[in-house]
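The values are calculated or read from the model by the stated rules, or taken from the named source; none is laboratory data. Everything quoted here is computed from the prediction, not taken from an experiment. Heads up, the Cβs are rebuilt from the backbone with ideal geometry, glycines too, and the neighbour counts pull from every protein chain shown. All accessible areas refer to the heavy atoms of the entire protein, side chains included, with ligands and DNA or RNA removed. Shrake-Rupley method; radii C 1.70, N 1.55, O 1.52, S 1.80 Å.
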Amino acid sequence: MGIPRHTGKYLVERILFAFVVLLAAFILLGSPLFEVREIEVTGNSALPEKKIVELSGITAGINIFKVNLKESEARIRTVPLIKDVSLTREFPSRIVIAVEERKAVALLPVKDGFIQVDREGVCLKESGVAGSLPVVTGTVVPTPAPGQVIRDAKLGTALHVLNQLPGSLRSKLSEIHVNARGQVVLYTLDGVECRLGAPVDIRKKAGVLLQVLEQVKGRQIAYVDLTGVPVVKYVR
């Protein structure tokens, strides 16, 4: 019993289609047109472009179809400063690496100095001395490794507050203290003590605090108390 004519026709078409696909793949994988000539990095500020490219493992001259984007992304994510990364092919010969870096928002004292932490409590790197970021006090933690998430209730409270403060207020702070009762005290660069109390209604308290600091500019203040009705204590 022979093969039906229409079945034989379909079989030939399938074989021909498979041959065309294989031929196209062979041409694409071997064509110099698709060799990577440019690797672009976007979104980086702390990490040099060269370092990110090295981490990706991608080199000029490799065929763009042979680049394993997922593996390259995984290698780049091993760096604590990298929060997220995505790689895309732009044909015929360019790879784009788009990174999202973690941003340090505070310093945390440890045994031998300070560490930088981001808004999620991830340790970014060590810092020998305090810098322009506010220092979180009231908590003691072992020195974590870069990339480690620090699990600490007081640090969590401090970051919760910092994340809700406007940039205009964060830039004025030298310290954020969380006491044993979980109450928050801010200290400005001018040494003004700002008692926020419980970590609630932060945006509202921050707005009031900015207004108060603007109104009393140039005068010596002992503290500003926002735990209830706003109170300003002047230095006599």
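Working with all protein chains in place, sort H177, H160 by solvent-accessible area computed with a 1.4 Å probe, largest first.
H160, H177
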Solvent-accessible area per residue for segment 106-226 (1.4 angstrom probe, square angstrom): 52 Å²
Crossing angle, helix 5-30 versus the chain [Cα axis fit, 0-90 degrees, rounded to tens]: 50 degrees
Identified option (computed semi-axes √(5λ) of the Cα gyration tensor in Å; candidates (1) 30, 24, 16; (2) 59, 19, 16; (3) 26, 21, 17): (2)
On Cα atoms only, tilt of 153-164 relative to the major axis of the chain in degrees: 80 degrees
Of all DSSP beta bridges in segment 91-236, antiparallel share, percent nearest 5: 75 percent
Within the accessible area of the chain (1.4 Å probe), percent carbon and sulfur: 57 percent
Local electrostatic count at V185 - Lys and Arg +1, Asp and Glu -1, tallied over other residues with Cβ under 13 Å: +1
Accessible area expressed per residue, segment 34-94, with surrounding protein chains retained (probe 1.4 Å, Å²): 57 Å²
Charge sum, other residues only, whose C-beta stays under 13 Å from L124's C-beta, Lys/Arg counted +1 and Asp/Glu -1: +1
Segment 100-145: Cα Rg divided by the 2.2 N^0.38 Å rule of thumb: 1.03
Ratio Rg/Rh [Cα only; Rh per Kirkwood] for segment 155-201: 0.93
Rel. contact order, % - alpha carbon contacts under 8 angstrom, at least six apart, the chain: 11 percent
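Per the helix-only calculation at 222 nm, which mean residue ellipticity applies to the chain, given -39500 (n - 2.57) for every DSSP H run of n ≥ 4 and division by its residues, nearest 500 deg cm²/dmol?
Helix-only estimate at 222 nm: -9500 deg cm²/dmol.
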Restraint check, K83/K172; K125/K205; K103/K205; K83/K125; K70/K125; K172/K217, Cα-Cα greater than 21 Å: K83/K172; K125/K205; K103/K205; K70/K125
